[in-house]
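This report concerns only the one structure given below.
Every read-out reported here was derived from the displayed coordinates using simple, explicitly stated rules and does not represent laboratory data. Note that the structure is predicted; figures quoted are calculated from it, not measured. Reconstructed Cβ throughout: ideal geometry from the backbone, glycine too, with neighbour counts over all protein chains shown.
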């Protein structure tokens, strides 16, 4: 440590170089979103869309589920980008934007479960879906953490958690568009509940990668 | 307060454009802004200065996250709060570690740490071979004549920690001298 604070200031100002483009959370968010959408498109091209997708688009509950899942993905990415700034970009309210889509998403699943009569058949697989979601989420998660690491988060654990939830929702959304499964218990158990696990894992990842 | 923030914001805008003098002024003003905040939360002057320097380094590292378009003070205080909490966390973790060793410290009487059965001068060489902190503590206590409390204040440790360190140094010295 420098002996006097004045010496330190002199040395820091001597090292000051112009900052051409200061970081902006909305630009970071858009960069991540564009990357993730392109990646989702590539995954869907490779794995294919579900065969009955056009028919499913006539179901308001299916559309609401997809819409709210996409909203979770978008708002949590924005929230993570905001959290990567020391002062939360002085827009604290934006951090809480994923709450509403999350509540609406849970409500939609509940209504879909109530209306699942007769219940859609349970698919023979289970953990394979979780493995797929994890694999699909890896790249968006890595990209998001790479972006966030360059900033200076003072809420690194929460930022990590929300970033992984956003990445997991990319995986969930991709699989929902690609897999022919409509069993609500299966979706909750193997698609959506693991998102909580991703969030918890994100707390740890944030502590490890985003602390500065 | 608003005028002051506007002034700091302008300085930072110039600094982000590469103006080194504006940056130096902005950092000096930031130092003046943060010192009262730290003084309220930390008692030791050396500690305040150390944390202040850590905050200034952090502000420098995070300068790309400030665009000069939003108020400066909340940004600087967010970093200050973060670094202060970091410092306090480390401080209390240290404290806990030493608390576990307090039983050991409690067994050390005042004479144990201020009087040794041989002259300091005669074992100066052995003291030099001790870890830096232990050697400094012994030097201050036995060559300069400071009490454990005064040494603690000087080097920014607590008194029990100084006593524990001194006690450990004696143990090592005793063993060394015994072997000789």
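Observations on the model:
- Seen against the Cα atoms of chain A and their longest principal axis, helix A:5-14 is set at about 70 degrees.
- Legend: mean number of C-beta atoms from other chains within 10 angstrom of residue C-beta atoms, peptide B:58-68, equals 6.
- Per residue, the average separation of C-alpha pairs within less than 8 Å and at least 6 apart gives chain A a relative contact order of 27 percent.
- With R₀ set to 22 Å, the beta-carbon distance separating residue A:113 from residue A:200 gives a calculated FRET efficiency near 0.35.
- Relative to one another, the C-alpha centroids of the range A:68-89 and the range B:27-55 are positioned 32 Å apart.
- Residues in the range A:178-212 reached by a label modelled at residue A:128 [backbone nitrogen below 12 Å; 7 Å Cα→Cβ]: A:179-181
- Value of [θ]222 nm, deg cm²/dmol, for chain A, DSSP H segments ≥ 4, -39500 (n - 2.57) each, nearest 500: -22000 deg cm²/dmol
- Our summary gives the range B:1-81 a relative contact order of 38 percent, counting only alpha carbon pairs under 8 angstrom and 6 or more residues apart.
- Residues residue B:10 and residue A:70, FRET efficiency given R0 of 51 Å [Cβ-Cβ distance, rounded to 0.05]: 0.80
- Ordering A:58, B:64 by the number of other Cβ atoms within 10 Å of each residue's own Cβ, fewest first, gives A:58, B:64.
- Cα-based helix-to-principal-axis angle, A:156-178 vs chain A, degrees rounded to 10: 30
- Springs between Cα atoms under 10 Å define the GNM used for chain A, and in it the highest mean-square fluctuation of A:32, A:190, A:113 occurs at A:113.
- Nearest-0.05 FRET efficiency for residue B:40 and residue B:175, computed from C-beta distance (R0 45 Å): 0.45
- Using alpha-carbon coordinates, inclination of helix A:99-114 to the longest axis of chain A, degrees: 10
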